[in-house]
Amino acid sequence: MSLNLKTYTEHFTNPLYLESGRILEPYDITYETYGELNVDKSNVIVICHALTGSHHCAGTYDGDKKAGWWDNLIGSAKAVDTDKYFVICTNVLGSCFGSTGPMSAQHPHQNPYRYKFPVITIKDMVKAQRILFDKLGIHSVHAIIGGSMGGMQALHFAIHYPDFASKIISLATTHATQPWAIAFNKISQEAILKDPDFKGGYYESKEIAAKGLFGMAVGRMAGHISFLSPESMQSKFGREYKSTDGLYELFGKFQIEMYLEYNGYNFTKWFDPLSYLYITKAINIYDLSRGFDSLSEALQKINTELHLISFSNDLLFRNYEMKEISDTLTAIGYKNHNYLDVQSDYGHDSFLVEVDKFEKYIEDVLNG
C-alpha cells in the first residue's frame with residue numbers, strides 16, 4: 001500500500017495566546033498526513049519534528065530528490081506502519097515551511113513580520129498543534145513520537161495535555177536545554193546576525209535562497225559538530241584528505257572539512273535565517289519545569305504511557321539528561337514509563353540515521 005501522502009494548510013482566525021503574553025492572530029499551520037483515518041479515529045499517531053525538520057517526515061512527492069526526514073521509520077510495513085496508522089506531522093509555528101513564521105505576511109498590511117514576530121516557545125508550538133487537532137475532530141491519539149526538539153514537544157504534550165495521547169515516545173532530548181547546547185546555538189545566532197547580507201533581518205528571501213548566507217553556514221557547521229561525535233567522525237572520515245588537494249596547500253581540505261562546508265552552505269539555501277533565530281530561541285528557553293516549582297511537580301501531571309529513549313554518545317543532549325527524567329518519575333512513584341539508552345557511537349543524529357537500533361522497540365510500543 002502507498003503512504004497516501006497529503007499536505008494541507010489550515011488557517012486560524014481566533015487569537016493564539018502565547019506563553020510570552022503576546023497574541024498571534026491570524027496564523028496558519030501546515031501539516032502532512034499518511035495512511036487512512038479509521039472510523040473511530042483511534043489509529044492516529046502524531047510525529048513532532050526537530051529544529052530544521054518540517055511536516056514532510058516520510059515518503060516522496062514528484063520531483064523530490066530525497067524522502068522525508070524519518071522515512072526509514074514511517075511507512076508501509078515499517079515501525080510506524082501507515083497501513084495500520086494514520087500519521088500526522090505539523091510544521092511548527094516559527095518555521096519556514098508553511099506555518100506562520102517571521103517571514104510570513106503580517107495582517108493586515110501584508111509585509112513580513114520579521115522582528116515583529118513574537119517569540120514562540122515549545123509550549124506554544126504544542127498548543128497550536130492541539131488547536132489544529134481539535135479543528136480536525138481529533139481529540140485523542142494513539143501515540144506521539146518526536147526526537148530532539150520533537151522530543152521536547154512530545155514531553156510538553158505529556159504534561160500539558162495528559163489525557164490526549166495513550167502513548168508518548170520522546171527521543172534524544174532533555175527536560176531543559178543546558179548551557180552546552182545553548183552555546184552551540186549562540187555561535188549560529190551570532191554568525192547570522194553579524195553577516196552583512198543578513199541586513200539586520202531585512203534581507204530578501206529570494207536572494208538568500210539563491211546564494212545562501214555565509215554567516216549562517218558557519219553557524220550550521222558548528223551545529224553539525226554537536227550532532228555527531230568524535231567516534232562517528234573518525235569512522236566516517238578519519239584523516240582522509242581531498243584527493244585533488246595537496247597536503248601542503250594552505251586551503252587543502254580534509255574530508256571532514258568538505259562535509260561541514262557542503263552541509264553548512266547547502267543548508268542556508270533552504271532554511272530561513274530568521275526562522276533559525278526564532279526556533280533556536282525556543283529551544284534555548286525550553287524548560288519543562290517552567291510554571292512549576294520543580295521538574296518533579298511538572299512530571300506529576302503525566303498520565304500516559306511514557307517512553308524515553310536516549311543515545312549513549314549524544315553530545316548535544318546527554319543521555320543522563322533523559323535518565324534524570326526517568327529517575328524523577330520513579331522517585332514520584334510513576335510506574336507507567338520506561339527508559340532505554342541506545343548504545344551508539346554516532347551522536348545526536350542517531351535518532352535520524354540509526355533507526356535500526358530502536359525501530360523494533362517503537363513498533364512493539366505502538367502495537368502493545
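The values are calculated or read from the model by the stated rules, or taken from the named source; none is laboratory data. Bear in mind that the values here come from a model prediction, so they are computed numbers and not experimental data. All Cβ positions, glycine included, derive from the backbone under ideal geometry; neighbour counts span all protein chains shown. Accessible surface is based on the protein model in full, side chains and every heavy atom, while ligands, DNA and RNA are left aside. Shrake-Rupley method; radii C 1.70, N 1.55, O 1.52, S 1.80 Å.
For the chain, what is the accessible area per residue in Å² when the probe is 1.4 Å? Walk me through the intermediate numbers first.
Values: 16270 Å² over 368 residues.
Ligands and nucleic acids excluded, the result is 44 Å² per residue.
Among beta bridges from DSSP that stay inside segment 1-95, the antiparallel ones total about 70%. Annotation for segment 60-158: trypsin sites (Lys or Arg not before Pro) lying in DSSP loop with at most 15 further Cβ atoms inside 10 Å of their Cβ are 65, 66. Round to a whole number: what % of the accessible area of segment 236-368 belongs to carbon and sulfur, probe 1.4 Å? Carbon and sulfur atoms account for 50 percent of the accessible area of segment 236-368. For segment 45-53, putting each phi into the Karplus relation 6.51 cos²θ - 1.76 cosθ + 1.60 with θ = phi - 60° gives couplings of 10, 9, 10, 10, 8, 8, 2, 9, x Hz, in residue order, rounded to whole numbers and with x for Gly and Pro. Note on segment 1-144: with neighbouring protein chains present and a 1.4 Å probe, carbon and sulfur make up 51 percent of its accessible heavy-atom surface. A simple rule links phi to the HN-Hα coupling: the Karplus curve 6.51 cos²θ - 1.76 cosθ + 1.60 with θ = phi - 60°, which for segment 299-310 gives 5, 5, 6, 5, 9, 9, 7, 10, 10, 10, 10, 10 Hz, with x for Gly and Pro.
The mean sequence distance of close C-alpha pairs (under 8 Å, at least 6 residues apart), as a share of the length of segment 313-368, puts its relative contact order at 43 percent.
Given the pairs 6/135; 236/357; 65/194; 123/206; 123/269, which span a C-alpha to C-alpha distance of over 23 angstrom in this model? Please list the in-between numbers first.
Working: 6/135 17 Å; 236/357 18 Å; 65/194 32 Å; 123/206 31 Å; 123/269 28 Å.
Over 23 Å apart, Cα to Cα: 65/194; 123/206; 123/269.
Give me the Å³ per residue figure for the convex hull around the C-alpha atoms of the chain.
Details: hull volume 54.5 nm³, N = 368.
Normalising the Cα hull of the chain by residue number yields 148 Å³.
Each label point was placed 7 Å from the Cα along the Cα-to-Cβ direction; for residue 109 and residue 77 their separation is 5.7 nm. Among bridges DSSP assigns within the chain, what percent are antiparallel (round to 5)? Antiparallel: roughly 35 percent of the beta bridges in the chain.
Think of segment 1-108 as having a plus end and a minus end, set by charges on the Cβ of Lys, Arg, Asp and Glu; of 105, 54, 43, 54 sits farthest toward the positive end of this dipole.
Once both labels are positioned 7 Å from their Cα atoms along Cα-to-Cβ, the gap between residue 131 and residue 210 label points is 3.6 nm.
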